[in-house]
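A short write-up of the structure that comes next.
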Amino acid sequence: MSEVYPSVGEKYKWTMLLHNLKLFFRNIKRNKSTFFINITGLSTGIACVMLIALWVFDELSMDKFHDNGQRLYQVVETPEIDGRRVQNPNTAGLMAETMAIEFPEIESSTSVRESGEFLFSYEENNLKARGLFTSPDFFDVFSFQIVQGDKRYILADKNSVVITEDLATRLLGSIDNAIGKTIKLNGERQFTVSGILGNVPNNSSLQFDFVLPFEFFKEISPNTLNWDFNTTQVYLVLKEGTNVADFNSKIKGFIGTKTETNGRLLSTRLFSDNYLYDKFRDRVEKSGRITYVRLFSLIAFLILVIACINFINLSTANASKRLKEIGIKKAMGSKRKELVTQYLVESLLMTGISAIVALLIVVLLLPQFNELAAKEMKLGFEPEYLLIFSSIFLITGLLAGSYPAFYLSGLKTISTLQGKLNTSFGEVFARRGLVIFQFVLSTVLILSVFIVYKQLEYTQNKNLGYDKDNLVYFDINGKIRQNLDAFLSALEQLEGVKSASSISTNIVGGNNTTTRLKWPGKTPDEQEVFQIRPVNFNMIEIFDIGILKGRSFSREYGAEESKIIFNQTAIEAMGIKNPIGTKVSLENTDFEIVGVTEDFHFASLHEEIKPLFFILRPNWTKSVMVKIQASQEKIALANLQNFYEKYSPEMVFDYKFLDQTYAAQYAAEMRVSTLSKYFAGIAILISCLGLFGLATFNAERRKKEISIRKVHGQSAAQILIMLSGEFAKPVILSVMIAIPIAYLLAKDWLAGFAYHIPLHMWYFLAAGFTVLSVAMLTVGSQALKAANNNPVNGLRDE
């Protein structure tokens with residue numbers, strides 16, 4: 001019989017399950033506002049966590065797809081400057097091939113140099129693309145997919161080029177029969193397509209459209225053959241079983257065997273760590289993007305906690321409405337374990353509904369989120385995603401439901417049957433404590449976002465020591481290089497153009513450095529890294545860089561190519577008292593100092609200003625820089641384009657504004673600022689939503705008391721102050737707790753900038769006042785409604 005009919009115990013379980021489900025949906029119907037608040041808070045919180053989880057996964061996956069990932073290292077230089085070691089990702093151009101010969105631990109090595117934008121031409125098609133110069137072993141070191149071609153030979157000829165499927169399709173029409181076709185580079189040199197690559201994955205920090213042979217780079221950049229110039233990034237695959245620490249010790253002084261320069265020590269770092277733990281970007285020690293990964297992981301957790309606190313507070317606050325249900329169940333013999341299970345199941349059901357709503361929110365918002373984050377994330381059903389999202393569901397359900405479940409199941413039977421809820425001081429304190437905790441988190445987030453915003457505003461408005469406004473630049477290509485002086489002179493005659501010149505490396509960023517400069521009094525052990533800026537006449541004037549001493553380059557003087565101009569920091573680093581007229585030497589060439597400029601920020605504000613010098617080398621310059629007259633941008637750009645297309649019809653006029661390039665240095669911070677702003681807003685919204693629910697419940701619970709107070713003559717304003725004041729105290733306390741926490745966090749973040757805003761107290765007071773105002777408006781709306789109710793209705797209901 002037991003095989004045919006279920007046991008009595010099983011029938012009871014199913015009956016109780018159906019009964020509990022009925023109660024769950026009946027409670028939803030009875031408490032629609034509470035249900036709406038809980039669903040809104042939980043679904044919004046879960047949606048935020050899911051979006052952040054997608055972002056974190058994408059960040060953590062960067063560069064993890066290479067087959068040799070655990071043995072793939074980058075060689076970095078670690079010179080000592082001012083008593084501290086900094087890491088430089090660039091090193092000598094001959095490093096990779098020489099190390100591969102001299103160190104048996106190396107399985108394969110490659111040299112890499114970013115090319116910047118080149119113009120590719122095929123028949124009538126002209127396209128700009130960014131790529132790399134690499135040595136032949138590039139495809140042994142990295143696991144980029146080769147669709148067509150043999151990786152052993154595709155870079156063997158220095159007149160060959162490997163292009164991606166996307167570039168091949170856009171330039172050649174398709175990848176079919178692409179191998180062997182001839183394309184023109186920058187309207188000058190011809191290259192033969194020797195291979196087709198699959199499109200570079202989004203989770204690769206190396207992004208490129210083509211690969212050119214490193215031998216070609218050596219030809220166009222002779223300094224690559226000089227051990228004293230850092231032009232190249234070097235990557236190694238170490239053999240299985242190699243002790244990395246021992247290898248680093250072995251290569252430490254390797255450069256010293258190739259050049260007389262002291263202090264250029266080598267080490268390696270795991271390539272897959274570069275993106276997240278980028279301690280050498282901009283040549284400054286810092287933790288890199290892992291900081292933002294940790295920050296957003298923390299924000300996700302805090303938002304989830306805030307949403308769960310709403311659920312806990314509203315569930316325990318509404319306990320009085322379920323007293324008789326609990327009492328009857330206890331009187332009928334229900335054990336506490338069964339009640340705990342019931343309320344946890346209710347919590348999981350609520351979380352399940354919220355998770356479905358959250359999933360819909362994520363699907364709707366993911367395109368906009370991708371745009372904000374500058375990514376191409378997709379909501380997939382990969383095992384790791386399913387595991388994380390199911391974990392979010394379970395953790396949220398248990399976190400939100402545990403306290404209400406144990407609280408409700410622990411109520412005394414007699415008290416519940418009598419409808420009495422003996423709220424102890426500890427329970428009230430716990431509820432108030434959760435509200436305080438909620439608003440501490442929300443206030444810290446808002447304060448942090450405000451500080452980030454003020455710092456980014458500071459970076460955009462700070463006096464950089466040069467004028468970046470109304471400056472456009474474009475590459476020197478084709479006929480322009482052959483007649484550069486004539487081209488620049490013609491540009492200056494165009495309407496709207498104030499002046500024009502040329503520069504080798506953009507004034508913003510750039511990483512052309514040397515340690516070979518010699519000056520009077522320099523000791524053999526003295527080590528200093530100088531940034532090099534080869535320029536044309538009038539370039540310093542276009543940037544409006546101030547001259548402290550001496551003069552700029554001028555055609556009025558002869559032999560200007562033997563002159564040199566330093567910034568103030570460089571003169572101080574060399575310790576030269578009377579710089580004008582002093583002779584220095586670089587690569588056996590003597591230079592006379594003719595000018596000293598004021599310091600200016602040629603790198604981001606993360607860095608202190610470093611030593612730099614200008615030399616006059618028009619034939620080394622690569623970009624034309626044009627100063628446009630204020631308020632004549634449209635006229636000037638139209639004239640520039642028309643003239644460019646007539647002068648060099650085979651080329652594409654592709655320009656950039658210098659101020660936009662400067663702003664791009666802070667792209668990561670700007671994206672983090674924007675995302676943080678939205679998440680902080682959501683945190684305060686969820687917190688206020690919970691506060692709204694508690695205020696509504698409080699007004700409902702005290703309806704009789706409010707009516708009696710009004711009958712005895714208290715005004716609506718007095719009652720409004722009384723009801724609002726109960727919630728104002730914990731919010732004010734939250735702000736007081738949050739301010740020192742936010743101050744410490746802001747101070748730590750700002751330490752990553754060599755130049756940053758001062759932390760004024762009014763920043764914190766203004767943000768705290770904003771939080772308090774929003775909270776009081778939320779509570780006040782319900783308090784005002786309760787204060788204006790007719791007291792007769794309140795007394796009649798009782």
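Applying a 10 Å radius around every beta-carbon, put 305-311, 562-568 in order of their mean neighbour count, most first. Kindly include the intermediate steps, with their values, before the conclusion.
Details: 305-311: 26.9, 562-568: 23.3.
Going from most to least packed, we get 305-311, 562-568.
Once amide H atoms are placed 1.01 Å from N in the peptide plane, what residues at a sequence separation of 5 or more from residue 496, or on another chain, have their amide H within under 5 Å of its amide H?
none
If amide hydrogens are placed 1.01 Å from N in the peptide plane, which non-local residues have theirs closer than 5 Å to the one on residue 548?
For residue 548, the qualifying residues are 596, 597, 598.
Evaluate the distance, in nm, between pseudo-label points positioned 7 Å from the Cα of residue 244 and of residue 721 along their respective Cα→Cβ axes.
6.6 nm
Compute the signed sum of charges (Lys and Arg +1, Asp and Glu -1) over the other residues within less than 9 Å, Cβ to Cβ, of residue 587.
Neighbourhood net charge equals 0.
Could you state the per residue volume, in Å³, of the convex hull enclosing the Cα atoms of region 597-653?
Looking at region 597-653, the number lands at 166 Å³ per residue.
Please work out the Cα center distance from region 502-554 to region 637-671, rounded to the nearest Å.
24 Å
Can you compute the radius of gyration and Dmax for region 184-243, using only the Cα atoms, both in Å?
My reading of the Cα-based Rg and Dmax gives 15.7, 48 Å.
So for each of 649-661, 368-380, 92-104 I average, over its residues, the number of other beta carbons within 10 Å; can you give me the resulting order with the highest mean first?
Sorting 649-661, 368-380, 92-104 by mean packing, highest first, produces 92-104, 649-661, 368-380.
When the accessible area of region 452-555 is computed with all protein chains present and a 1.4 Å probe, what percentage of it is carbon and sulfur?
Values: 1870 of 4220 Å².
Result for region 452-555: 44 percent of the exposed heavy-atom area is carbon or sulfur.
Within straight cross-link reach of residue 656, meaning Cα distance under 13 Å, which aspartates and glutamates are found once same-chain residues fewer than 8 apart are removed?
Once the sequence-local aspartates and glutamates are set aside, what remains near residue 656 is 117, 469, 475, 633.
Roughly how compact is region 526-598, stated as its Cα Rg over 2.2 N^0.38 Å to two decimals?
So the Cα radius of gyration is 1.06 times the expected 2.2 N^0.38 Å.
Round to the nearest 10 and report in Å² the accessible area of residue 592, as given by a 1.4 Å probe over the protein chains' heavy atoms.
60 Å²
Taking amide hydrogens as modeled 1.01 Å from N in the peptide plane, which residues meet the under 5 Å criterion relative to residue 108, leaving out close sequence neighbours?
For residue 108, whose amide H was placed from the backbone, the distant partners under 5 Å are 237.
Among the aspartates and glutamates, which fall within straight-line cross-link reach of residue 22, defined as a Cα-Cα distance under 12 Å, with same-chain neighbours fewer than 8 residues apart omitted?
Straight-line reach from residue 22, under 12 Å: 346.
For a protection proxy built on the mean count of beta-carbon atoms within 10 angstrom, sort 456-464, 527-535, 625-633 highest first, please.
The most tightly packed comes first, giving 527-535, 625-633, 456-464.
With θ taken as phi - 60° and the coefficients 6.51, -1.76 and 1.60, list the Karplus ³J(HN,Hα) couplings across region 217-226 in order, rounded to whole Hz; mark glycine and proline as x.
Running phi through 6.51 cos²θ - 1.76 cosθ + 1.60 with θ = phi - 60° gives 5, 4, 5, 8, 9, x, 4, 4, 7, 9 Hz.
Report, in listed order, any pair from 181/646; 518/577; 522/610; 151/252; 454/729; 184/479 with a Cα-Cα distance greater than 20 Å.
From 181/646; 518/577; 522/610; 151/252; 454/729; 184/479, over 20 Å: 181/646; 151/252; 454/729.
When only the heavy atoms of the protein chains count and the probe is 1.4 Å, how do 736, 776 rank by accessible area, highest first?
736, 776
The values are calculated or read from the model by the stated rules, or taken from the named source; none is laboratory data. Because the structure is predicted, anything quoted here is derived from the model rather than measured. Don't worry about glycine lacking a Cβ; one is built from the backbone with ideal geometry, like all the others, and counts go over all protein chains shown. With ligands, DNA and RNA removed, areas are computed over all heavy atoms of the protein, side chains included. Shrake-Rupley method; radii C 1.70, N 1.55, O 1.52, S 1.80 Å.
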